[in-house]
1. Of everything in the stretch 167-184 that's more than 9 Å from I203 (Cα to Cα) and charged (D, E, K, R), which residue is most open to solvent (accessible area, probe 1.4 Å)?
2. Which one of S114, S25, S53 is assigned to a helix (DSSP H, G or I), open to solvent by 30 Å² or more (accessible area, probe 1.4 Å) and at pLDDT below 95?
3. How many residues are under 15 Å from V185 (Cβ atoms), touching a helix residue (DSSP H, G or I) at 6+ places or on another chain (Cβ under 6 Å) and part of a loop (DSSP other than H, G, I, E, B) when one looks only at the stretch 148-164?
4. Please work out which residue is farthest from P218 (Cα to Cα), limiting yourself to the stretch 176-206 and to residues that are out of contact with any strand residue (DSSP E or B) (no Cβ under 7 Å at 6 or more places or on another chain) and aliphatic (A, V, I, L, M).
5. Would you check which residues across the stretch 187-220 are closer than 19 Å to D153 by Cβ and open to solvent by 60 Å² or more (accessible area, probe 1.4 Å) and list them?
Amino acid sequence: MSTNRKRRSFNSATFVVIGLGRFGSALARELVNSGHEVLGIDFDEKLVQQLASELTHVVKADTTDEAVLTELGIKDFDTAMVAIGADIEASILTTSLLLQLGVKNVWAKANSESHGRILRQLGAHHVIFPEDDMGKRVAHMVSGETLEYVPIDEDFVMVKTYVPHVFDGMPLSEAKIRATYGVTVVATSSGDGKYTPAFPETILRSGHQIVVAGPKDPLDEFCQLDHE
C-alpha cells in the first residue's frame, strides 16, 4: 500500500472516494475544489500517481480487505463514495465492509439495476446510476425541451428552459404556472447568463430563460408547451 499526500484543507468535510476512474476522479477533484478533504483510493498505481498532486490524500490499496480499510481509518470519514467501475464484486464487497465499519454516509455507484438492488439490500445510504442519469439528462437537452435537466430526487427535477410563448408579457402571478401545472418558476434570465429570483411581479418574456422545479411528469408537460 503506497500513499501520496497533498496538504489537508482546514475545517472541511472529509470524503473517501474509492475507484479513481473517470467518474471517481472527476468527483474527487470537484470535492477538493469545493474545499473538502478527500482521500482517493484505487488499486491502479498509475491512477494514484496521476492524482497525487490534486487530492488531499491518495492511496493504492485493496478495499476488499477489511484490515486495509481499518488501517486507513475509513470509519472516521464523514462520507464514502464507492465509485468502482467494472468490478462489481469489488464494489459489493467494499460497500459491505464500509457499512460494517460504521461509515455514516455511504454512496455507491451502480452499473445496472441488479447491481443497484444488491447495493440497496446491503444498506447503502445512496445508490446512483451516473450513466443512466446522464443519458436521461442529455435526452431532454437533445430533444430541445430543455437547456439543462437536473434530477434532484427520484421524482423531482429542476430544469432550465425558455419561457413558453403563451406567457409572453405576463407577470408570474397572472401566468398561474404553479396552480395550472404544479411546477414552480424559481429564477429568470434575459439570456445574459445572470439569473435573478422569480417573484409574483416578475414579467415573463418569450425567449428569456427560466429555471423551473417540480415533479417529473408535470415538469415534462410544462416544458413541451411550445412543441404542442
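The values are calculated or read from the model by the stated rules, or taken from the named source; none is laboratory data. What you are looking at is a predicted structure, and each value in this text was computed from that prediction instead of being measured. So basically every Cβ, Gly included, is an ideal-geometry build from the backbone, and we count neighbours across all protein chains shown. What goes into the accessible areas is simple: the full protein's heavy atoms, side chains included, and nothing from ligands, DNA or RNA. Shrake-Rupley method; radii C 1.70, N 1.55, O 1.52, S 1.80 Å.
1. Only one residue fits best here, namely R178.
2. Working: S25 fails: open to solvent by 30 Å² or more (accessible area, probe 1.4 Å); S53 fails: assigned to a helix (DSSP H, G or I).
Result of the check over S114, S25, S53: S114.
3. Residues that pass the stated criteria total 1.
4. Step one: of the stretch 176-206, the residues out of contact with any strand residue (DSSP E or B) (no Cβ under 7 Å at 6 or more places or on another chain) are 176, 179-181, 190, 192-194, 199, 204-206.
From what is left, the residues that are aliphatic (A, V, I, L, M) are 179, 204.
On the way: A179: 11, L204: 20 Å.
Step by step, filter the stretch 176-206, then rank; the result is L204.
5. So the first thing to find is which residues in the stretch 187-220 are closer than 19 Å to D153 by Cβ, and the list is 211-220.
Hits for the stretch 187-220 are K216, D217.
Quick grid of which residues meet (1) within 18 Å of G21 (Cα to Cα); (2) open to solvent by 20 Å² or more (accessible area, probe 1.4 Å); (3) free of Cβ contacts under 8 Å to residues at least 24 places away in the same chain; (4) not basic (K, R):
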| site | (1), (2), (3), (4) |
| --- | --- |
| A61 | yes, no, no, yes |
| L69 | no, no, no, yes |
| L72 | no, yes, no, yes |
| D76 | no, yes, no, yes |
| V82 | yes, no, no, yes |
| G85 | yes, yes, no, yes |
| A90 | yes, no, no, yes |
| L101 | no, yes, no, yes |
| K104 | no, yes, no, no |
